[in-house]
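Engineer: Please find one structure pasted underneath; my questions will follow.
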Amino acid sequence: MTAMIATRGEITWQMLRGGRRALMAWAAAFAALVALYAAIWPSIHGNTQWQDLFNTLPQTYRALFTAGGQLDLSTPAGYLGIELMGFLGPALMAVYAIGVGAAAIAGEESRGELEVTLSVPVARGQVLAGRAAALLIDITAVTVATGLAMWVFSLAFGMHLGVAAIASAAAALGIFGFFTGTVALAVGAATGSAALARGLAALIAVASYLINALAQVTSAVKPARPLSPFYLLLGNEPLQHGLRAVGALSVLAVALALVVGGGIVFARRDLA
Amino acid sequence: MEAVREMAESALVVRTESLTKRYGRLLALDRLTLEVRAGEVLGFLGPNGAGKTTTLRLLMGFLRPTAGSVRVHGLDAWRDRVGVHARTGYLAGDVRLWPRLTAREAAGHLARLRGLGHDPEITDLAKRLDAELDRPVRELSRGNRQKAGLLLALLGEPDLLLLDEPTSGLDPLIQQEFHHLLRERVEAGAAVLLSSHVLSEVEHVADRVAIIRAGRLLIAESLATLREKARHTVEVRFASAPPPDAFAGVPGIRDVRLEGPVLRCTMQGVVDPLVKTLGRYTVTDLNSREADLEETFLALYGEGDRS
């Protein structure tokens, strides 16, 4: 058992080492993005023209730009919730996570590098588990960097965001990213195709975003809304209303199931 | 009797039976039955695309057999691949290592995954193969990358080495040193399966050769037996011209060309029948050359090609 944990740790550590430069770049990018939005806040604060303009837009349009359909630029949480949490934050997080997840198994396999790892006495499922752990650590690191940046720059620019609100928002972003990353990881492990892994994961990320948006305006889509990870994590605007534990845990459970399912197929298929 | 059989079984490191691999409609491997014993090097020969790599990847449990069985160290290679890998070193035909790691870093990673801890033999091994340990793999030449791959395959002194075209890209001196290394491992009881599309690469190190073509095993025999079947080109000069049909009835003789006092012919197998016949005449000069094994294969199996 300890040997198993040690080898899995080695697999995880190896992947983290390989991705450390990308991780630092993404963490810095998220921090910079937060800093930028925070720096603009003083000039937005008290300006009602944006709010008036937004209210004149069609509801569909408003739904696409906000996770919950409401625009509140009068408070820092409302402002950052729109700018960071409504689209760009989750989108960037998904791009990073999908890249890491698709590269972990399928990327190495398509370059022919996976056979070396899989020629040692470590089960394929263990390799996948170790790399899923590395994905989780990578995403957690970017999430923590984003949360820290929110805390620091909110203080610096007088936004006064609460620590709990910041933690909820960062966690929602992180879990959304981890979910999309596990889709890419699992599809890649199951099929060996990095392109398919990236494509399918991106499709699911976009679909979950669109379902949440369209459910607000179309009754036909409404029943599907609770199936959208985007809705479950970001639909209630966690920066203002906190993270919904049930939603977050369900998405994490699905992510775990994806890794397990991917591992089962991975262990039973021919390597490319 | 039972004990003897058990010993013979346990000495079988690799055993495939009617091993078949099909990709859709393509039959990559057709009922291959192959054995490798402890303490021997099996040269696995065949043209590119014959199924050598497919066989090795089936032995490693990378591919699932379509039919037949594949056992390595007595374990099912597909189901118990972890158990197989614990005692097997593998070199892929197209070595792809992590480009940003050095061979030393890659060896450290694999040694930890194998639970070996620090691996002291790598420096000695690297010296013998003249391998570059401390530059990232992406900066290495093809030959040096091949050496790095060999180092990783030899890590932890496994009981079985599955090596796909191990000496391709290596210069002859390194190739020779590598063969010494293999002989040392084999004398210590290891089994080696070494694939190549060129006979000369395995001729000096293999105890037996198996030849595969289009997914089917043509022959698995000891090198000594093959040599017995090898052809000899014989040239004889006589004091005076023998009668035209003097050598027609010699068993195994082919391509007889008798031009005055000079006989040129090919002998299939041993030359003894010819020597006995030559005794009837006065021979002034005799020259016999063994065809290399490549020619032998062509002679033995080339006919099958045309049919």
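Engineer: Need the failing condition index for A:Arg21 against (1) loosely packed, with under 12 Cβ neighbours inside 10 Å; (2) more than 14 Å from chain B (Cβ to nearest Cβ), just the number.
Structural biologist: It is condition (2) that A:Arg21 fails.
Engineer: Give me the residue from the range A:114-133 that is among the charged types (D, E, K, R) and within 28 Å of the chain's Cα centre (by Cα) and, out of that set, farthest from the other protein chains (Cβ to nearest Cβ). First the steps, then the outcome.
Structural biologist: First pass over the range A:114-133, keeping only residues among the charged types (D, E, K, R): A:115, A:124, A:131.
Remaining after also requiring within 28 Å of the chain's Cα centre (by Cα): A:124, A:131.
On the way: A:Arg124: 8, A:Arg131: 13 Å.
Among those residues, the one meeting the criterion is A:Arg131.
Engineer: For the range A:228-249, give me the residue count where each residue is part of a helix (DSSP H, G or I), under 23 Å from A:Leu92 (Cβ atoms) and either touching a strand residue (DSSP E or B) at 6+ places or on another chain (Cβ under 8 Å) or not aromatic (Phe, Trp, Tyr) (or both). Don't jump to the end; show me each part of the working.
Structural biologist: At the first step, the residues of the range A:228-249 found to be part of a helix (DSSP H, G or I) are A:229-234, A:238-241, A:245-249.
Cutting the leftovers down to under 23 Å from A:Leu92 (Cβ atoms) gives us A:229-234, A:238-241, A:247-248.
From the residues that got through so far, the ones that are either touching a strand residue (DSSP E or B) at 6+ places or on another chain (Cβ under 8 Å) or not aromatic (Phe, Trp, Tyr) (or both) too are A:229, A:232-234, A:238-241, A:247-248.
Residues that pass the stated criteria total 10.
Engineer: Take the range B:90-102 and flag every residue that is at the interface with another protein chain (Cβ under 8 Å from one of its Cβ atoms) and within 18 Å of B:Thr55 (Cβ to Cβ).
Structural biologist: B:Tyr90, B:Ala92, B:Asp94
Listed here are the residues, each with its yes/no results for (1) hydroxyl-bearing (Ser, Thr, Tyr); (2) farther than 30 Å from B:Leu42 by Cα; (3) out of contact with any Phe, Trp or Tyr (no Cβ under 8 Å at 6 or more places or on another chain).
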| residue | (1), (2), (3) |
| --- | --- |
| B:Leu223 | no, no, yes |
| B:Thr233 | yes, no, yes |
| B:Val236 | no, yes, yes |
| B:Ala241 | no, yes, yes |
| B:Pro244 | no, yes, yes |
| B:Ala248 | no, yes, yes |
| B:Pro251 | no, yes, yes |
| B:Arg257 | no, yes, yes |
| B:Gln268 | no, no, yes |
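Engineer: Could you please let me know if B:Arg64 is part of a loop (DSSP other than H, G, I, E, B), within 14 Å of chain A (Cβ to nearest Cβ), farther than 14 Å from A:Glu115 by Cβ and out of contact with any helix residue (DSSP H, G or I) (no Cβ under 8 Å at 6 or more places or on another chain)? Can you show your working first?
Structural biologist: Details: part of a loop (DSSP other than H, G, I, E, B): yes; within 14 Å of chain A (Cβ to nearest Cβ): yes; farther than 14 Å from A:Glu115 by Cβ: yes; out of contact with any helix residue (DSSP H, G or I) (no Cβ under 8 Å at 6 or more places or on another chain): no.
No, not satisfied.
Engineer: While we're here: Take the conditions in contact (Cβ under 8 Å) with a residue 12 or more places away in the chain, buried (at least 18 other Cβ atoms within 10 Å of the Cβ) and away from chain A (no Cβ under 14 Å) and apply them to B:Leu162. Does it pass?
Structural biologist: Here the answer is no, as B:Leu162 does not meet what is asked.
Engineer: All but one of (1) under 30 Å from A:Phe157 (Cα atoms); (2) more than 14 Å from every other protein chain (Cβ to nearest Cβ); (3) among the small types (Gly, Ala, Ser) hold for A:Gly101, so report the exception by its number.
Structural biologist: (1) is the only condition that A:Gly101 fails.
Engineer: How about the range A:242-272: which of its residues are within 21 Å of A:Gly192 (Cβ to Cβ) and of a type in the set (Gly, Ala, Ser)?
Structural biologist: Taking the range A:242-272 first, the residues within 21 Å of A:Gly192 (Cβ to Cβ) are A:255, A:257-272.
Those that are within 21 Å of A:Gly192 (Cβ to Cβ) and of a type in the set (Gly, Ala, Ser): A:Ala255, A:Ala257, A:Gly261, A:Gly262, A:Gly263, A:Ala267, A:Ala272.
This table checks each residue for (1) assigned to a helix (DSSP H, G or I); (2) at pLDDT below 95; (3) not assigned by TED's automatic domain parsing to the domain that holds B:Leu12.
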position: B:Gly49; (1), (2), (3): no, yes, no
position: B:Arg71; (1), (2), (3): no, no, no
position: B:Arg96; (1), (2), (3): no, yes, no
position: B:Lys127; (1), (2), (3): yes, yes, no
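Engineer: For residues that are touching a residue at least 60 places away in the same chain (Cβ under 8 Å), out of contact with any strand residue (DSSP E or B) (no Cβ under 8 Å at 6 or more places or on another chain) and in a loop (DSSP other than H, G, I, E, B), tally how many sit in the range B:199-256.
Structural biologist: Of the residues in that region, 0 qualify.
Engineer: Continuing with the same structure: If you check B:Glu105 against the conditions, is it more than 8 Å from every other protein chain (Cβ to nearest Cβ), touching a Ser or Thr at 6+ places or on another chain (Cβ under 9 Å) and surrounded by fewer than 20 Cβ atoms within 10 Å (Cβ to Cβ)?
Structural biologist: Numbers: more than 8 Å from every other protein chain (Cβ to nearest Cβ): yes; touching a Ser or Thr at 6+ places or on another chain (Cβ under 9 Å): no; surrounded by fewer than 20 Cβ atoms within 10 Å (Cβ to Cβ): yes.
Judged against the criteria, B:Glu105 is not a match.
The values are calculated or read from the model by the stated rules, or taken from the named source; none is laboratory data. What you see is a predicted model; the values in this text were computed from it and never measured. When we count neighbours, we look across all protein chains shown, and the Cβ atoms used for this are built from the backbone with ideal geometry, even at glycine.
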